[in-house]
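Here you go, one structure.
The values are calculated or read from the model by the stated rules, or taken from the named source; none is laboratory data. Treat the numbers as computed from the prediction; the structure is a model and nothing was measured. Ideal geometry is used to build each Cβ from the backbone, glycine not excepted, and the neighbour counts take in all protein chains shown. Side chains are part of the model used for accessible areas, which takes the heavy atoms of the whole protein and leaves out ligands, DNA and RNA. Shrake-Rupley method; radii C 1.70, N 1.55, O 1.52, S 1.80 Å.
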Amino acid sequence: MKNNQPIVKSDRIIPSMKGNKVHVLTIKNATPADAGYYSVTATLGNETSVSDAQVLIEVAPTFVTIPETVTVVDGQDCDIHVEISGLPPPQIKWSYLAEDLVTNAKYNIKSDGNHYQLRIHHATAKDAGEYQIICSNNLGRITGKINVRISSPPIIVQPLKDLLIPVKRTARLETQIHAFPEPKIVWSRDAIPMDFSLYPGRINAEERRGTYSLVIKNIQLEDSGFYVCTAHNAHGTTKTSATVTIEVAPVFLQRLEKLEGVENCDIDIRVQVAGYPHPKLEFSFNQNPIELKGRYTLKELKSGWYVFTITNARSTDAGSYSCTASNSLGQASCVGKLTLFPLAPPNFTQALTDAIFPVGGILKAILKVSGLPLPRLTW
């Protein structure tokens, strides 16, 4: 009998005898379904005797039920329920981010028969990710993976970092953001949202498992600026930012060209230079370096503009001037010739004359004046 039901003989279940007294029940290729309470009844006349035993079938652990994903709202407890079969009962180990979990203020681990539970108290976005349950007995070992999602506003796990990169290289801005539902990402440069269709194949946004990247190929000077990544979902919005600076050898945007001035006056010579690291400027006169002191000064303005000033210019200051800008990536030079004209006092070459104008008419007076530097007129 098995579980009080008669046993049906088959090719796999075979009752037999050894000699006159030993009765044997053979079960070939035993399966978990063969487990149960077995009994045999011996009858002699009116007397009967029953012998019984429990048969347990050892099996490797298997998952009966295990969730792929568990989703809870930020701040709530998160319960992971798993049902496992196996004999002997398997040993269970929970882990997260390659660290074994134990019952403490954050986690509660318990079991009831074949049912196992991990509770995460007050789950937040930092608790999101893949959890593992490892089950083992003497017959085998299995591992299950459960993805925990926390419905929460976007949270910056790894912010953007400032980037310093040589021109024509590939730049990558990366940030890691936890959020559920998955956030919408907007990239902007200098407060202007980026339209990637304007940079086909050169600038594009990428996303992989919560890591969001902005990739700029063949980066140019105009790509420098202040970049912001904005993440938004139904629960909120967050931002992270970084400055991209392009390393480039100096380039003159405004060069020395034809230079003119007046003797005994201050001469301002202007150049505009782009480059990073910040270029150093040196001026020369007739191929001789100029020491910036006394009558010679150099002032830096905004947007790469510089003003080289010669105070109270003399006739001997006329000649060839060169400006050299240099940094760790290279240097650039430009040359201009300064021509000085003698100082000329103001002189009216056509003076005002008396005139009669009708009432309501337009008064128009013509005069001409010469002088170097150009005189300023006061009416």
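Is there any pair linking a residue in the stretch 187-214 that is in a loop (DSSP other than H, G, I, E, B) to one that is open to solvent by 80 Å² or more (accessible area, probe 1.4 Å), with Cβ under 8 Å and at least six apart or on different chains, and which?
Cβ pairs passing all conditions: Asp190/Phe226; Ala191/Phe226; Gly201/Lys217; Arg202/Lys217.
Filter the stretch 120-145 down to the residues that are touching an Asp or Glu at 6+ places or on another chain (Cβ under 7 Å), part of a strand (DSSP E or B) and of a type in the set (A, V, I, L, M, F, W, C) and list them by number.
Ile120
If you don't mind, another one. Of all residues in the stretch 59-85 being among the hydroxyl-bearing types (Ser, Thr, Tyr) and touching a Lys or Arg at 6+ places or on another chain (Cβ under 7 Å), which is farthest from Ile134 (Cα to Cα)? Before you say what the answer is, go through the steps one by one.
Of the stretch 59-85, the ones among the hydroxyl-bearing types (Ser, Thr, Tyr) are 62, 65, 69, 71, 85.
Filter once more, keeping what is touching a Lys or Arg at 6+ places or on another chain (Cβ under 7 Å): 69, 71.
Working: Thr69: 17, Thr71: 21 Å.
Checked the stretch 59-85; the qualifying residue farthest from Ile134 (Cα to Cα) is Thr71.
Of all residues in the stretch 74-90 being part of a strand (DSSP E or B) and either touching a His at 6+ places or on another chain (Cβ under 7 Å) or modelled with pLDDT of 95 or more (or both), which is farthest from Ile150 (Cα to Cα)? I'd like the intermediate steps shown before the answer.
Kept after step one, since they are part of a strand (DSSP E or B), are these residues of the stretch 74-90: 78-87.
Right, trim to either touching a His at 6+ places or on another chain (Cβ under 7 Å) or modelled with pLDDT of 95 or more (or both) and you get 78-84.
Working: Cys78: 9, Asp79: 12, Ile80: 13, His81: 17, Val82: 19, Glu83: 23, Ile84: 25 Å.
The qualifying residue farthest from Ile150 (Cα to Cα) is Ile84.
What is the number of the single condition among (1) without any contact (Cβ under 8 Å) to a residue 12 or more places away in the chain; (2) more than 29 Å from Ile146 (Cα to Cα) that Lys28 does not meet?
(1)
Okay, moving on. Report yes if some residue within the stretch 186-202 is more than 30 Å from Pro89 (Cβ to Cβ), loosely packed, with under 13 Cβ neighbours inside 10 Å and not assigned by the TED database to the domain that holds Asp223; otherwise report no.
Start the filter on the stretch 186-202 by keeping residues that are more than 30 Å from Pro89 (Cβ to Cβ), which leaves 186-202.
If we keep only those that are loosely packed, with under 13 Cβ neighbours inside 10 Å as well, we get 190-193, 195, 197-198, 200-201.
If we keep only those that are not assigned by the TED database to the domain that holds Asp223 too, we end up with none.
So far as the stretch 186-202 goes, no, none of its residues is more than 30 Å from Pro89 (Cβ to Cβ), loosely packed, with under 13 Cβ neighbours inside 10 Å and not assigned by the TED database to the domain that holds Asp223.
Taking Leu56 and the conditions (1) open to solvent by less than 70 Å² (accessible area, probe 1.4 Å); (2) more than 16 Å from Gln132 (Cα to Cα), which numbered condition does it fall short on, given that it satisfies the others?
Going through (1) open to solvent by less than 70 Å² (accessible area, probe 1.4 Å); (2) more than 16 Å from Gln132 (Cα to Cα) one by one, Leu56 breaks only (1).
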